[in-house]
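Colleague: Starting off with a structure, shown below.
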Amino acid sequence: IIWLNVSESGLTDQQLKPVSEFQNLEKLRLEKNPITGAGLAHLVNLKHLNAINLYKTNVTSKGLTQLKGLEQLKTVYLWQTNVDTAELKTLFNDKPDLKFVF
C-alpha cells in the first residue's frame, strides 16, 4: 500500500497503530477524523511518507513534532486544525523544504 485514504471514518489515535505497518506508504489522508498528536506517534516509522492530510483534525503544532524525523515528508495539509502557524515556524525551522498548507 502506497496511498491510503481513511478520511471521515471516525478513526481514533489508537486505530492509527496498524497504519505503521504500511512501510511503503507515501500518501496518507486522515482528514476529518478526531486524531491528535498522540495518534501521529504511530506514524514515525513511515520512512517513505511524503504527504499527509490532517485537515479538520485535532492535531496541534506540538503534536506535529512527532513527524519531524520523516525525511521524505514534503507536504502537510492543515486547514481547520489547532495548529499555530507562528509556533509551527519555530518548531520546524530546521526543515525549510517542508510545506505546510493552510
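Colleague: For a paramagnetic label modelled at 7 Å from the Cα of GLN15 toward its Cβ, which residues of segment 70-97 fall within the zone defined by backbone nitrogen distances under 20 Å?
Modeller: Residues 81-82 fall inside that zone.
Colleague: Could you grab the relative contact order for the chain? Cα pairs under 8 Å, six or more apart, rounded to a whole percent.
Modeller: Working: 222 pairs, mean separation 23.8, N = 102.
Computed value for the chain: 23 percent relative contact order.
Colleague: State the number of lysine pairs found in segment 10-93 whose Cα atoms come within less than 23 Å, restricting to pairs 8 or more positions apart or on distinct chains.
Modeller: Lysine pairs satisfying the spacing and distance rule in segment 10-93 number 28.
Colleague: Can you give the calculated 222 nm mean residue ellipticity of the chain, where each DSSP H run of n ≥ 4 adds -39,500 (n - 2.57) and the sum is split over every residue, rounded to the nearest 500 deg cm²/dmol? Kindly include the intermediate steps, with their values, before the conclusion.
Modeller: Numbers: 3 runs with 15 residues, N = 102.
Roughly -3000 deg cm²/dmol at 222 nm, from the helical runs in the chain.
Colleague: While we're here: Using a 1.4 angstrom probe on heavy atoms only, work out the carbon and sulfur share of the accessible area of the chain in %. Before the final figure, lay out each step's value.
Modeller: Working: 2750 of 5640 Å².
Of all accessible area on the chain, carbon and sulfur atoms account for 49 percent.
Colleague: I would also like to ask the following. Just the accessible area per residue of segment 1-44, please: how many Å² with a 1.4 Å probe?
Modeller: Numbers: 2400 Å² over 44 residues.
I get 55 Å² per residue for this part.
Colleague: In addition: DSSP loop GluC sites (Glu not before Pro) in segment 13-102 with at most 13 other Cβ atoms within 10 Å of their Cβ, which ones? Write down the numbers at each step before the final one.
Modeller: Details: sites: GLU21, GLU26, GLU31, GLU71, GLU87; in loops: GLU26, GLU31, GLU71.
When the GluC sites (Glu not before Pro) of segment 13-102 are filtered for loop state and at most 13 Cβ neighbours within 10 Å, GLU71 remain.
The values are calculated or read from the model by the stated rules, or taken from the named source; none is laboratory data. In this text, all values refer to a predicted model and were calculated from it rather than measured experimentally. Please note: Cβ atoms are built from the backbone with ideal geometry, for glycine as well, and neighbour counts cover all protein chains shown. Surface accessibility is based on the protein's heavy atoms, side chains included, excluding ligands, DNA and RNA. Shrake-Rupley method; radii C 1.70, N 1.55, O 1.52, S 1.80 Å.
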